[in-house]
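The values are calculated or read from the model by the stated rules, or taken from the named source; none is laboratory data. Source: prediction; values computed, not measured. Here Cβ is always computed from backbone atoms with ideal geometry, including for glycine, and neighbour counts include all displayed protein chains. Note: areas computed on protein heavy atoms with side chains; ligands, DNA, RNA excluded. Shrake-Rupley method; radii C 1.70, N 1.55, O 1.52, S 1.80 Å.
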Amino acid sequence: MGEKKADTAGPGGMFNDRSGKQLPLAMQYDYTNFYFGAGDDAFGMLDPFDEWWKDSKPSGYYLYGLPMQGSPTTRVDIRNTKTGKVETDLLNFASYNYLGLSYRPEVKEAVIEAVHRYGNGASGSPILSGSLEVHYELADLMAEFKGKEAVLLFPTGYSVNVGVIAGLMRSGDLIVADQYAHASLVDGMILSKANSRFFRHNKVDDLERKLKRYEGKKLVLIEGVYSMDGDVALVPDIVEVCQRYGARILIDEAHSTFIYGKNGRGVAEHFGFEDEIDMHIGTFSKSLGGQGGFIAGSHKLINYLRGFSRSRTFSCGISPVVTAGILRALEIFLAEPELRTKLWENVEFMQKSLRDAGVSVGDSESQVIPIMIRDDARIFEIGEALMHEGIYLNPVKYPAVPKHRSRFRMSISAAHSQEELEEGARIITSVLQRYGICPTSEGAITSTTG
Ligand SMILES: Cc1ncc(COP(=O)(O)O)c(C=O)c1O
(Lines give C-alpha, C1' and ligand atoms only; values in the text may rest on other atoms or scores of the structure.)
Protein backbone atom coordinates (compact mmCIF):
# COMPACT_ATOMS: atom_id res chain seq x y z
CA MET A 1 0.00 0.00 0.00
CA GLY A 2 3.12 2.15 0.02
CA GLU A 3 2.31 4.21 -3.11
CA LYS A 4 -1.15 5.14 -1.97
CA LYS A 5 0.04 6.75 1.23
CA ALA A 6 0.82 10.08 -0.43
CA ASP A 7 -2.65 10.26 -2.06
CA THR A 8 -4.79 9.49 0.91
CA ALA A 9 -3.01 10.39 4.10
CA GLY A 10 -3.49 13.64 5.94
CA PRO A 11 -0.58 15.23 7.78
CA GLY A 12 1.52 12.69 9.64
CA GLY A 13 0.10 9.66 7.81
CA MET A 14 -3.32 10.09 9.40
CA PHE A 15 -6.75 10.71 7.94
CA ASN A 16 -9.90 12.12 9.48
CA ASP A 17 -13.05 10.20 10.27
CA ARG A 18 -16.42 11.87 9.81
CA SER A 19 -16.24 13.44 13.28
CA GLY A 20 -12.94 15.08 12.37
CA LYS A 21 -10.82 12.82 14.55
CA GLN A 22 -7.56 11.59 13.07
CA LEU A 23 -7.32 7.83 12.62
CA PRO A 24 -4.32 5.73 11.55
CA LEU A 25 -3.88 5.38 7.81
CA ALA A 26 -4.16 1.60 8.07
CA MET A 27 -7.85 1.94 8.92
CA GLN A 28 -8.59 3.12 5.37
CA TYR A 29 -7.84 -0.37 4.15
CA ASP A 30 -9.50 -3.68 4.81
CA TYR A 31 -9.06 -7.28 3.70
CA THR A 32 -10.45 -6.57 0.24
CA ASN A 33 -7.41 -4.41 -0.60
CA PHE A 34 -5.23 -7.50 -0.35
CA TYR A 35 -7.21 -10.00 -2.40
CA PHE A 36 -5.56 -9.50 -5.80
CA GLY A 37 -1.90 -8.62 -6.19
CA ALA A 38 0.42 -7.87 -9.09
CA GLY A 39 3.34 -10.08 -10.05
CA ASP A 40 3.88 -13.80 -10.55
CA ASP A 41 4.56 -14.88 -6.99
CA ALA A 42 1.61 -16.54 -5.20
CA PHE A 43 3.08 -15.09 -1.97
CA GLY A 44 3.15 -11.58 -3.47
CA MET A 45 0.45 -10.22 -1.13
CA LEU A 46 2.02 -11.47 2.08
CA ASP A 47 4.41 -8.54 2.67
CA PRO A 48 1.90 -5.73 1.92
CA PHE A 49 -0.72 -7.55 4.02
CA ASP A 50 1.74 -8.03 6.86
CA GLU A 51 2.69 -4.35 6.75
CA TRP A 52 -0.99 -3.34 6.91
CA TRP A 53 -1.81 -5.93 9.55
CA LYS A 54 0.91 -4.77 11.94
CA ASP A 55 -0.53 -1.24 11.83
CA SER A 56 -4.20 -2.11 11.84
CA LYS A 57 -4.32 -4.92 14.38
CA PRO A 58 -3.75 -2.67 17.42
CA SER A 59 -6.21 -0.14 15.95
CA GLY A 60 -9.06 -2.58 16.28
CA TYR A 61 -8.64 -5.82 14.40
CA TYR A 62 -7.22 -7.31 17.58
CA LEU A 63 -10.84 -7.35 18.87
CA TYR A 64 -11.39 -10.52 16.82
CA GLY A 65 -10.67 -13.91 18.33
CA LEU A 66 -9.86 -12.70 21.84
CA PRO A 67 -9.06 -15.76 23.98
CA MET A 68 -11.92 -16.60 26.34
CA GLN A 69 -10.71 -18.05 29.62
CA GLY A 70 -13.62 -20.41 30.37
CA SER A 71 -16.97 -21.59 28.98
CA PRO A 72 -19.21 -19.16 27.07
CA THR A 73 -21.45 -18.30 30.01
CA THR A 74 -23.17 -14.93 30.38
CA ARG A 75 -20.15 -13.46 32.22
CA VAL A 76 -16.75 -14.18 30.74
CA ASP A 77 -13.09 -13.41 31.27
CA ILE A 78 -11.32 -12.44 28.05
CA ARG A 79 -7.61 -11.86 27.43
CA ASN A 80 -7.12 -8.53 25.73
CA THR A 81 -4.36 -9.33 23.25
CA LYS A 82 -3.45 -5.64 22.90
CA THR A 83 -2.70 -5.10 26.59
CA GLY A 84 -2.05 -8.72 27.59
CA LYS A 85 -4.45 -8.15 30.51
CA VAL A 86 -7.40 -10.47 31.26
CA GLU A 87 -10.61 -8.42 31.29
CA THR A 88 -12.78 -10.04 33.92
CA ASP A 89 -16.51 -10.47 34.31
CA LEU A 90 -17.53 -9.03 30.94
CA LEU A 91 -21.21 -9.38 30.10
CA ASN A 92 -21.22 -11.81 27.18
CA PHE A 93 -23.52 -10.96 24.29
CA ALA A 94 -21.25 -12.50 21.66
CA SER A 95 -21.67 -16.28 21.99
CA TYR A 96 -24.21 -18.33 20.01
CA ASN A 97 -25.10 -20.33 23.09
CA TYR A 98 -28.77 -19.33 22.75
CA LEU A 99 -30.11 -21.83 25.27
CA GLY A 100 -27.06 -21.93 27.55
CA LEU A 101 -26.65 -25.65 26.84
CA SER A 102 -22.92 -25.85 26.02
CA TYR A 103 -21.88 -25.91 29.68
CA ARG A 104 -24.86 -27.55 31.40
CA PRO A 105 -23.63 -30.07 34.03
CA GLU A 106 -25.60 -32.93 32.39
CA VAL A 107 -23.94 -32.16 29.04
CA LYS A 108 -20.50 -32.20 30.63
CA GLU A 109 -21.28 -35.54 32.27
CA ALA A 110 -22.36 -37.03 28.93
CA VAL A 111 -19.14 -35.78 27.37
CA ILE A 112 -17.05 -37.36 30.13
CA GLU A 113 -18.89 -40.70 29.82
CA ALA A 114 -18.31 -40.63 26.06
CA VAL A 115 -14.60 -40.00 26.54
CA HIS A 116 -14.39 -43.19 28.61
CA ARG A 117 -16.27 -45.19 26.01
CA TYR A 118 -14.96 -43.76 22.74
CA GLY A 119 -11.76 -41.79 23.41
CA ASN A 120 -11.37 -38.54 21.48
CA GLY A 121 -11.89 -38.56 17.68
CA ALA A 122 -14.02 -40.63 15.27
CA SER A 123 -10.85 -41.69 13.45
CA GLY A 124 -12.49 -42.10 10.06
CA SER A 125 -14.88 -40.80 7.44
CA PRO A 126 -18.53 -41.42 8.37
CA ILE A 127 -18.92 -43.69 5.32
CA LEU A 128 -15.93 -45.81 6.42
CA SER A 129 -14.97 -46.41 10.04
CA GLY A 130 -15.98 -43.00 11.46
CA SER A 131 -19.65 -43.77 12.25
CA LEU A 132 -20.09 -44.74 15.88
CA GLU A 133 -23.24 -45.82 17.68
CA VAL A 134 -23.70 -42.35 19.21
CA HIS A 135 -23.89 -40.78 15.72
CA TYR A 136 -26.85 -43.03 14.85
CA GLU A 137 -28.55 -42.23 18.16
CA LEU A 138 -28.26 -38.49 17.44
CA ALA A 139 -29.38 -38.79 13.79
CA ASP A 140 -32.43 -40.89 14.78
CA LEU A 141 -33.51 -38.52 17.54
CA MET A 142 -33.02 -35.50 15.25
CA ALA A 143 -35.15 -37.12 12.51
CA GLU A 144 -37.91 -37.79 15.04
CA PHE A 145 -37.72 -34.22 16.36
CA LYS A 146 -37.76 -32.68 12.86
CA GLY A 147 -40.62 -34.99 11.81
CA LYS A 148 -38.63 -36.13 8.77
CA GLU A 149 -37.79 -39.59 7.49
CA ALA A 150 -34.05 -39.23 7.93
CA VAL A 151 -31.18 -37.01 9.02
CA LEU A 152 -27.58 -36.94 7.79
CA LEU A 153 -24.88 -35.57 10.10
CA PHE A 154 -21.94 -33.46 8.88
CA PRO A 155 -18.74 -32.32 10.65
CA THR A 156 -19.86 -28.65 10.69
CA GLY A 157 -22.80 -26.50 9.64
CA TYR A 158 -20.56 -25.00 6.97
CA SER A 159 -19.86 -28.40 5.43
CA VAL A 160 -23.57 -29.31 5.27
CA ASN A 161 -24.32 -26.40 2.97
CA VAL A 162 -21.27 -26.91 0.80
CA GLY A 163 -21.80 -30.67 0.59
CA VAL A 164 -25.54 -30.63 -0.01
CA ILE A 165 -25.61 -27.88 -2.65
CA ALA A 166 -22.60 -29.16 -4.58
CA GLY A 167 -23.84 -32.73 -4.08
CA LEU A 168 -27.13 -32.01 -5.81
CA MET A 169 -26.66 -29.24 -8.36
CA ARG A 170 -24.58 -29.38 -11.54
CA SER A 171 -23.12 -27.13 -14.21
CA GLY A 172 -25.98 -25.64 -16.27
CA ASP A 173 -28.51 -25.71 -13.39
CA LEU A 174 -29.67 -22.52 -11.65
CA ILE A 175 -29.25 -21.62 -7.98
CA VAL A 176 -30.80 -18.42 -6.65
CA ALA A 177 -29.85 -17.32 -3.14
CA ASP A 178 -31.02 -14.48 -0.95
CA GLN A 179 -28.34 -11.77 -1.15
CA TYR A 180 -27.72 -12.13 2.62
CA ALA A 181 -27.11 -15.88 2.39
CA HIS A 182 -24.31 -17.19 4.61
CA ALA A 183 -20.85 -17.80 3.12
CA SER A 184 -21.36 -21.57 3.35
CA LEU A 185 -24.40 -21.34 1.06
CA VAL A 186 -22.46 -19.13 -1.34
CA ASP A 187 -19.47 -21.50 -1.32
CA GLY A 188 -21.82 -24.41 -2.05
CA MET A 189 -23.10 -22.52 -5.10
CA ILE A 190 -19.58 -21.84 -6.33
CA LEU A 191 -18.46 -25.43 -5.83
CA SER A 192 -21.50 -26.82 -7.64
CA LYS A 193 -20.55 -24.88 -10.83
CA ALA A 194 -24.26 -24.18 -11.38
CA ASN A 195 -25.32 -20.72 -12.62
CA SER A 196 -25.47 -18.64 -9.44
CA ARG A 197 -27.73 -15.64 -8.95
CA PHE A 198 -28.81 -13.58 -5.94
CA PHE A 199 -32.19 -12.01 -5.27
CA ARG A 200 -32.53 -8.83 -3.21
CA HIS A 201 -32.92 -9.64 0.45
CA ASN A 202 -36.39 -11.06 1.07
CA LYS A 203 -37.70 -9.41 -2.13
CA VAL A 204 -39.96 -12.03 -3.64
CA ASP A 205 -40.61 -10.10 -6.87
CA ASP A 206 -36.87 -10.06 -7.54
CA LEU A 207 -36.68 -13.82 -6.86
CA GLU A 208 -39.48 -14.31 -9.36
CA ARG A 209 -37.60 -12.27 -12.00
CA LYS A 210 -34.55 -14.50 -11.57
CA LEU A 211 -36.55 -17.75 -11.73
CA LYS A 212 -38.85 -16.94 -14.60
CA ARG A 213 -36.02 -16.40 -17.10
CA TYR A 214 -34.74 -19.92 -16.69
CA GLU A 215 -35.70 -23.36 -18.02
CA GLY A 216 -34.16 -26.31 -16.19
CA LYS A 217 -33.28 -27.48 -12.68
CA LYS A 218 -33.65 -24.73 -10.11
CA LEU A 219 -32.80 -24.44 -6.41
CA VAL A 220 -33.54 -21.50 -4.09
CA LEU A 221 -31.47 -20.90 -0.94
CA ILE A 222 -32.82 -19.03 2.08
CA GLU A 223 -32.09 -18.83 5.79
CA GLY A 224 -34.70 -19.07 8.54
CA VAL A 225 -33.25 -16.25 10.65
CA TYR A 226 -30.58 -14.26 8.81
CA SER A 227 -27.31 -14.56 10.68
CA MET A 228 -26.18 -10.92 10.64
CA ASP A 229 -29.56 -9.17 10.65
CA GLY A 230 -31.78 -11.36 12.80
CA ASP A 231 -34.78 -10.96 10.50
CA VAL A 232 -36.86 -13.83 9.17
CA ALA A 233 -37.36 -15.20 5.63
CA LEU A 234 -40.77 -14.49 4.07
CA VAL A 235 -41.36 -18.23 3.76
CA PRO A 236 -45.00 -18.31 2.53
CA ASP A 237 -44.33 -15.89 -0.35
CA ILE A 238 -41.05 -17.55 -1.28
CA VAL A 239 -42.65 -21.00 -1.32
CA GLU A 240 -45.47 -19.75 -3.52
CA VAL A 241 -43.06 -18.35 -6.13
CA CYS A 242 -40.82 -21.43 -6.04
CA GLN A 243 -43.79 -23.72 -6.58
CA ARG A 244 -44.96 -21.62 -9.51
CA TYR A 245 -41.58 -21.96 -11.24
CA GLY A 246 -40.77 -25.53 -10.21
CA ALA A 247 -37.81 -24.59 -7.99
CA ARG A 248 -36.73 -26.73 -5.03
CA ILE A 249 -36.10 -24.91 -1.73
CA LEU A 250 -33.32 -25.29 0.83
CA ILE A 251 -33.73 -23.52 4.17
CA ASP A 252 -30.73 -23.04 6.44
CA GLU A 253 -32.11 -22.85 9.97
CA ALA A 254 -28.74 -22.46 11.74
CA HIS A 255 -30.15 -19.68 13.93
CA SER A 256 -33.80 -20.74 14.07
CA THR A 257 -33.87 -24.50 14.78
CA PHE A 258 -34.58 -25.09 18.49
CA ILE A 259 -35.96 -21.53 18.72
CA TYR A 260 -38.80 -20.84 16.25
CA GLY A 261 -42.05 -22.79 15.80
CA LYS A 262 -44.46 -24.37 18.27
CA ASN A 263 -42.10 -27.28 18.86
CA GLY A 264 -38.87 -25.45 18.10
CA ARG A 265 -38.41 -27.06 14.70
CA GLY A 266 -37.69 -23.70 13.11
CA VAL A 267 -39.07 -20.94 10.91
CA ALA A 268 -40.57 -23.48 8.47
CA GLU A 269 -42.65 -24.83 11.36
CA HIS A 270 -43.44 -21.29 12.52
CA PHE A 271 -45.08 -20.55 9.15
CA GLY A 272 -46.60 -24.04 8.78
CA PHE A 273 -44.59 -24.79 5.61
CA GLU A 274 -42.45 -27.76 6.66
CA ASP A 275 -43.75 -30.09 3.96
CA GLU A 276 -43.43 -27.50 1.21
CA ILE A 277 -39.71 -27.00 1.85
CA ASP A 278 -37.52 -29.73 0.37
CA MET A 279 -34.34 -29.50 2.44
CA HIS A 280 -34.05 -28.51 6.10
CA ILE A 281 -30.56 -27.67 7.30
CA GLY A 282 -29.29 -26.74 10.74
CA THR A 283 -26.25 -26.75 12.96
CA PHE A 284 -25.43 -28.09 16.40
CA SER A 285 -23.02 -25.22 17.06
CA LYS A 286 -25.58 -22.59 18.03
CA SER A 287 -28.58 -23.48 20.23
CA LEU A 288 -27.28 -26.89 21.30
CA GLY A 289 -23.82 -25.52 22.06
CA GLY A 290 -21.87 -28.28 20.30
CA GLN A 291 -20.39 -28.61 16.84
CA GLY A 292 -21.51 -30.17 13.56
CA GLY A 293 -24.52 -29.86 11.29
CA PHE A 294 -27.38 -31.82 9.76
CA ILE A 295 -29.82 -32.06 6.88
CA ALA A 296 -33.29 -33.49 7.41
CA GLY A 297 -35.44 -34.80 4.57
CA SER A 298 -36.81 -37.85 2.83
CA HIS A 299 -35.02 -41.24 2.86
CA LYS A 300 -34.36 -40.92 -0.86
CA LEU A 301 -32.78 -37.47 -0.50
CA ILE A 302 -30.60 -38.46 2.44
CA ASN A 303 -29.48 -41.66 0.77
CA TYR A 304 -28.48 -39.79 -2.39
CA LEU A 305 -26.59 -37.13 -0.44
CA ARG A 306 -24.79 -39.78 1.60
CA GLY A 307 -23.23 -40.86 -1.68
CA PHE A 308 -22.63 -37.44 -3.24
CA SER A 309 -21.75 -34.97 -0.44
CA ARG A 310 -18.00 -34.73 -0.71
CA SER A 311 -17.59 -32.47 2.35
CA ARG A 312 -18.95 -35.36 4.44
CA THR A 313 -17.41 -38.30 2.64
CA PHE A 314 -13.91 -36.87 2.58
CA SER A 315 -13.84 -35.54 6.13
CA CYS A 316 -13.70 -37.20 9.53
CA GLY A 317 -16.99 -37.76 11.39
CA ILE A 318 -17.94 -35.46 14.30
CA SER A 319 -16.02 -36.41 17.42
CA PRO A 320 -18.14 -38.94 19.38
CA VAL A 321 -17.41 -36.92 22.51
CA VAL A 322 -19.00 -33.81 21.03
CA THR A 323 -21.81 -35.93 19.56
CA ALA A 324 -22.66 -37.33 23.00
CA GLY A 325 -22.78 -33.77 24.39
CA ILE A 326 -25.12 -32.70 21.57
CA LEU A 327 -27.35 -35.72 22.16
CA ARG A 328 -27.69 -34.84 25.85
CA ALA A 329 -28.29 -31.17 24.98
CA LEU A 330 -31.07 -32.25 22.58
CA GLU A 331 -32.67 -34.38 25.29
CA ILE A 332 -32.58 -31.41 27.68
CA PHE A 333 -34.06 -29.16 24.99
CA LEU A 334 -36.93 -31.63 24.45
CA ALA A 335 -37.58 -32.01 28.18
CA GLU A 336 -37.41 -28.30 29.06
CA PRO A 337 -39.63 -26.19 26.78
CA GLU A 338 -39.32 -23.46 29.42
CA LEU A 339 -35.82 -22.75 28.06
CA ARG A 340 -37.37 -21.39 24.88
CA THR A 341 -40.00 -19.48 26.81
CA LYS A 342 -37.23 -17.79 28.81
CA LEU A 343 -35.25 -17.05 25.67
CA TRP A 344 -38.22 -15.33 24.06
CA GLU A 345 -38.89 -13.27 27.21
CA ASN A 346 -35.26 -12.18 27.15
CA VAL A 347 -35.39 -11.36 23.44
CA GLU A 348 -38.53 -9.29 23.88
CA PHE A 349 -37.02 -7.39 26.80
CA MET A 350 -33.74 -6.58 25.02
CA GLN A 351 -35.42 -5.68 21.73
CA LYS A 352 -37.78 -3.30 23.54
CA SER A 353 -35.09 -1.76 25.77
CA LEU A 354 -32.81 -0.99 22.84
CA ARG A 355 -35.56 0.27 20.54
CA ASP A 356 -37.05 2.46 23.30
CA ALA A 357 -33.61 3.98 23.84
CA GLY A 358 -33.34 4.80 20.13
CA VAL A 359 -30.69 2.18 19.37
CA SER A 360 -31.07 1.00 15.77
CA VAL A 361 -31.49 -2.78 15.55
CA GLY A 362 -32.62 -2.96 11.91
CA ASP A 363 -35.44 -5.39 11.18
CA SER A 364 -34.39 -7.95 13.76
CA GLU A 365 -37.21 -9.92 15.36
CA SER A 366 -35.12 -12.63 16.97
CA GLN A 367 -32.33 -13.41 19.42
CA VAL A 368 -29.85 -12.18 16.78
CA ILE A 369 -29.80 -8.42 17.24
CA PRO A 370 -27.60 -6.20 15.06
CA ILE A 371 -26.66 -3.05 16.94
CA MET A 372 -26.26 -0.81 13.93
CA ILE A 373 -23.31 1.58 14.09
CA ARG A 374 -22.97 2.40 10.36
CA ASP A 375 -19.61 4.04 11.04
CA ASP A 376 -16.93 1.75 9.61
CA ALA A 377 -14.08 3.96 10.83
CA ARG A 378 -15.15 4.14 14.47
CA ILE A 379 -16.68 0.72 15.10
CA PHE A 380 -13.46 -0.67 16.59
CA GLU A 381 -13.06 2.30 18.89
CA ILE A 382 -16.65 1.84 20.05
CA GLY A 383 -15.95 -1.88 20.54
CA GLU A 384 -13.03 -0.98 22.81
CA ALA A 385 -15.21 1.44 24.75
CA LEU A 386 -17.86 -1.26 25.24
CA MET A 387 -15.24 -3.68 26.51
CA HIS A 388 -13.89 -1.02 28.84
CA GLU A 389 -17.42 -0.60 30.24
CA GLY A 390 -17.80 -4.37 30.75
CA ILE A 391 -19.54 -5.59 27.57
CA TYR A 392 -18.25 -8.30 25.25
CA LEU A 393 -19.61 -7.83 21.73
CA ASN A 394 -17.96 -8.54 18.37
CA PRO A 395 -17.73 -5.83 15.71
CA VAL A 396 -18.83 -6.82 12.21
CA LYS A 397 -17.79 -4.69 9.26
CA TYR A 398 -17.12 -4.90 5.54
CA PRO A 399 -16.61 -7.37 3.84
CA ALA A 400 -18.73 -9.48 6.26
CA VAL A 401 -21.58 -6.94 5.85
CA PRO A 402 -22.01 -4.19 3.20
CA LYS A 403 -19.98 -0.97 3.53
CA HIS A 404 -21.49 1.59 5.93
CA ARG A 405 -23.59 -1.16 7.53
CA SER A 406 -21.11 -1.97 10.32
CA ARG A 407 -22.63 -3.27 13.52
CA PHE A 408 -22.20 -5.30 16.67
CA ARG A 409 -23.87 -8.67 16.36
CA MET A 410 -25.61 -9.32 19.66
CA SER A 411 -26.80 -12.79 20.73
CA ILE A 412 -29.37 -13.15 23.47
CA SER A 413 -29.43 -16.34 25.53
CA ALA A 414 -32.01 -17.96 27.78
CA ALA A 415 -29.19 -17.99 30.35
CA HIS A 416 -29.05 -14.17 30.65
CA SER A 417 -30.64 -12.96 33.88
CA GLN A 418 -32.96 -9.96 34.01
CA GLU A 419 -30.24 -7.95 35.78
CA GLU A 420 -27.72 -8.81 33.09
CA LEU A 421 -30.08 -7.73 30.33
CA GLU A 422 -30.86 -4.45 32.10
CA GLU A 423 -27.19 -3.74 32.73
CA GLY A 424 -26.30 -4.64 29.13
CA ALA A 425 -28.99 -2.40 27.62
CA ARG A 426 -28.02 0.48 29.91
CA ILE A 427 -24.29 0.33 29.14
CA ILE A 428 -24.73 -0.17 25.39
CA THR A 429 -27.13 2.77 25.21
CA SER A 430 -24.82 5.08 27.16
CA VAL A 431 -21.75 4.19 25.07
CA LEU A 432 -23.71 4.71 21.84
CA GLN A 433 -25.02 8.03 23.13
CA ARG A 434 -21.46 9.10 23.93
CA TYR A 435 -20.50 8.44 20.32
CA GLY A 436 -23.57 10.15 18.93
CA ILE A 437 -24.88 6.90 17.47
CA CYS A 438 -28.21 7.09 19.31
CA PRO A 439 -30.12 9.98 20.88
CA THR A 440 -29.62 11.08 24.49
CA SER A 441 -32.61 11.16 26.83
CA GLU A 442 -33.21 14.75 25.68
CA GLY A 443 -33.51 13.45 22.13
CA ALA A 444 -30.30 15.02 20.86
CA ILE A 445 -27.62 13.25 18.81
CA THR A 446 -24.36 14.68 20.08
CA SER A 447 -21.39 13.47 18.13
CA THR A 448 -18.37 13.24 20.38
CA THR A 449 -15.55 10.85 19.85
CA GLY A 450 -15.35 9.54 23.39
C1 LIG B 1 -26.68 -19.28 8.47
C2 LIG B 1 -25.48 -20.10 8.83
N3 LIG B 1 -25.29 -21.27 8.21
C4 LIG B 1 -24.22 -22.05 8.49
C5 LIG B 1 -23.30 -21.67 9.45
C6 LIG B 1 -22.11 -22.54 9.72
O7 LIG B 1 -22.34 -23.25 10.87
P8 LIG B 1 -21.15 -23.89 11.72
O9 LIG B 1 -20.54 -22.78 12.50
O10 LIG B 1 -21.85 -24.88 12.58
O11 LIG B 1 -20.19 -24.50 10.76
C12 LIG B 1 -23.46 -20.46 10.12
C13 LIG B 1 -22.48 -20.05 11.14
O14 LIG B 1 -22.46 -19.03 11.71
C15 LIG B 1 -24.58 -19.66 9.81
O16 LIG B 1 -24.77 -18.49 10.42
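With the structure loaded, tell me whether S159 is within 16 Å of the ligand (Cβ to nearest atom) and polar (S, T, N, Q) or whether it fails that test. Here the answer is yes, as S159 does meet what is asked. Pick from the stretch 272-288 the residues that are of a type outside the set (D, E, K, R) and surrounded by fewer than 20 Cβ atoms within 10 Å (Cβ to Cβ): which of them is nearest to the ligand (Cβ to nearest atom)? Looking at the filtered set, the residue picked out is F273.
Residues that are open to solvent by 10 Å² or more (accessible area, probe 1.4 Å) and touching a helix residue (DSSP H, G or I) at 6+ places or on another chain (Cβ under 6 Å) were ranked within the stretch 193-205; the one that is farthest from D237 (Cα to Cα) is S196. From the list G325, G317, G307, the one residue that fits, being assigned by TED's automatic domain parsing to the domain that holds A110, assigned to a helix (DSSP H, G or I), out of contact with any strand residue (DSSP E or B) (no Cβ under 7 Å at 6 or more places or on another chain) and farther than 28 Å from S366 by Cα, is G307. Looking at the structure I just gave you, is Y180 surrounded by fewer than 24 Cβ atoms within 10 Å (Cβ to Cβ), closer than 28 Å to R310 by Cβ and aromatic (F, W, Y)? When the stated conditions are applied, Y180 passes them. Applying the criterion of at least 2 residues that are under 20 Å from V232 (Cβ atoms) and not small (G, A, S) to the strands (runs of 3 or more DSSP E) found wholly in the stretch 328-423 leaves 368-372, 407-411. For the stretch 252-271, filtered to residues that are within 16 Å of the ligand (Cβ to nearest atom) and of a type in the set (S, T, N, Q), the residue that is nearest to the chain's Cα centre (by Cα) is S256.
Okay, residues lined up against (1) of a type in the set (V, I, T); (2) within 15 Å of the ligand (Cβ to nearest atom):
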site: I175; (1), (2): yes, no
site: N202; (1), (2): no, yes
site: D205; (1), (2): no, no
site: L211; (1), (2): no, no
site: L219; (1), (2): no, no
site: Y245; (1), (2): no, no
site: L250; (1), (2): no, yes
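Only one of the numbered conditions (1) hydroxyl-bearing (S, T, Y); (2) in contact with a Ser or Thr (Cβ under 9 Å, 6 or more places away or on another chain); (3) at pLDDT 95 or above; (4) surrounded by fewer than 17 Cβ atoms within 10 Å (Cβ to Cβ) is not met by S19, and that is (3). Residues that are away from the ligand (no atom under 16 Å from the Cβ) and closer than 18 Å to D278 by Cβ within the stretch 177-198 comprise S192, A194, listed in sequence order.
If you filter the stretch 206-259 down to residues that are among the hydroxyl-bearing types (S, T, Y) and surrounded by fewer than 24 Cβ atoms within 10 Å (Cβ to Cβ), you find that the one that is farthest from M169 (Cα to Cα) is S227.
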